Amino acid sequence: MALISCDFFSEALQVGTSMTVVLPQATEEQIGVQGGGDADRPPPVLYLLHGLSDDHTAWTRYTSIERYATARGLAVVMPAVGRSFYADEVHGHPYWRFVSHELPTVVSSFFRVSTAREDTFVAGLSMGGYGALKLALTHPERFAAAASLSGVADIGLIRERPERSELHERVFGGRIGDADDLFALLEAADPASLPRLFVACGLDEPLLLDANRRLAARARERGVPVTTDERPGEHEWGLWDAVVKDVVAWLPLGATGP
């Protein structure tokens, strides 16, 4: 695999930004690394989103995502979005416009990766889990699968935490609308159009666990294919490293249906 730190200018943000990218590489003599995929075609791509206190380097620093992706011939794109909650910040920058529209165009212009829906996936942890599901529910035509690890399934929870009041005001202007509410997006979407979902949460974080259970249950009621993963663990990287390995194995690489 090739590991690339990419600094570039964002027209949406009107400022320089960064992403970390993992790209498959065909090798014959590399020892201890299991490769996969088809070197003759552009590789499938996973957009992997970071959490509130992280940046674009966190996944490669704290997990073995590069090794997991190598085994499946999967490209991985990890953008930097600050503490934006993948939203167009009321008092800040348009990160939703950046990640949902500009980023895929930039990635396809810089790197040889597939742009087909059946080869495109999104996942994230905590704030990034919320962002991954928001992308999948808003633009189901772009993604074959989406995964949330300890995601903020109920965005309204940030209103209930005094320590997040500044974040709530800066990002959402003190009001969360339907376009930022996963439950509202799920209700508005055509279930037949939605990608398959993977909803994971540690058993030792009850606040997030309840919200994730409710979201997964509602998705199933609407006929959306959902895989759930609940295992002992808190809001920490030991859990996320184990779960993201299973997420990469779960991705329907080579699938042709919704």
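The values are calculated or read from the model by the stated rules, or taken from the named source; none is laboratory data. This is a predicted model, so every value here is computed, not measured. Quick reminder, even Gly has a Cβ in these numbers, built from the backbone with ideal geometry, and neighbours come from all protein chains shown.
Within region 14-33, can one find any residue that is crowded, with 19+ Cβ neighbours inside 10 Å and farther than 21 Å from Val106 by Cα?
Looking through region 14-33, none of the residues is crowded, with 19+ Cβ neighbours inside 10 Å and farther than 21 Å from Val106 by Cα.
Restricting attention to region 195-207, does a residue exist that is in contact (Cβ under 8 Å) with a residue 24 or more places away in the chain, assigned to a helix (DSSP H, G or I) and of a type outside the set (A, V, I, L, M, F, W, C)? Even if it seems obvious, please write down each step before you answer.
To start, the set of residues in region 195-207 that are in contact (Cβ under 8 Å) with a residue 24 or more places away in the chain comprises 195-205, 207.
Narrowing the set further to residues that are assigned to a helix (DSSP H, G or I) leaves 207.
If we keep only those that are of a type outside the set (A, V, I, L, M, F, W, C) as well, we get none.
Scanning region 195-207, I find no residue that is in contact (Cβ under 8 Å) with a residue 24 or more places away in the chain, assigned to a helix (DSSP H, G or I) and of a type outside the set (A, V, I, L, M, F, W, C), so the answer is no.
Out of curiosity, is Ala136 assigned to a helix (DSSP H, G or I), more than 18 Å from Glu230 (Cβ to Cβ), in contact (Cβ under 8 Å) with a residue 40 or more places away in the chain and within 13 Å of the chain's Cα centre (by Cα)?
Details: assigned to a helix (DSSP H, G or I): yes; more than 18 Å from Glu230 (Cβ to Cβ): yes; in contact (Cβ under 8 Å) with a residue 40 or more places away in the chain: yes; within 13 Å of the chain's Cα centre (by Cα): yes.
In short, yes.
Quick check on this structure: which one of Glu221, Glu230, Glu160, Glu187 is modelled with pLDDT under 95, surrounded by fewer than 17 Cβ atoms within 10 Å (Cβ to Cβ) and of a type outside the set (A, V, I, L, M)?
On the way: Glu221 fails: modelled with pLDDT under 95; Glu230 fails: modelled with pLDDT under 95; Glu187 fails: modelled with pLDDT under 95.
Result of the check over Glu221, Glu230, Glu160, Glu187: Glu160.
For region 206-243, enumerate the residues that are among the β-branched types (Val, Ile, Thr) and touching a Phe, Trp or Tyr at 6+ places or on another chain (Cβ under 7 Å). Give the derivation first.
Within region 206-243, the first condition is being among the β-branched types (Val, Ile, Thr), and the residues that meet it are 224, 226-228, 243.
Thr227, the sole residue that qualifies.
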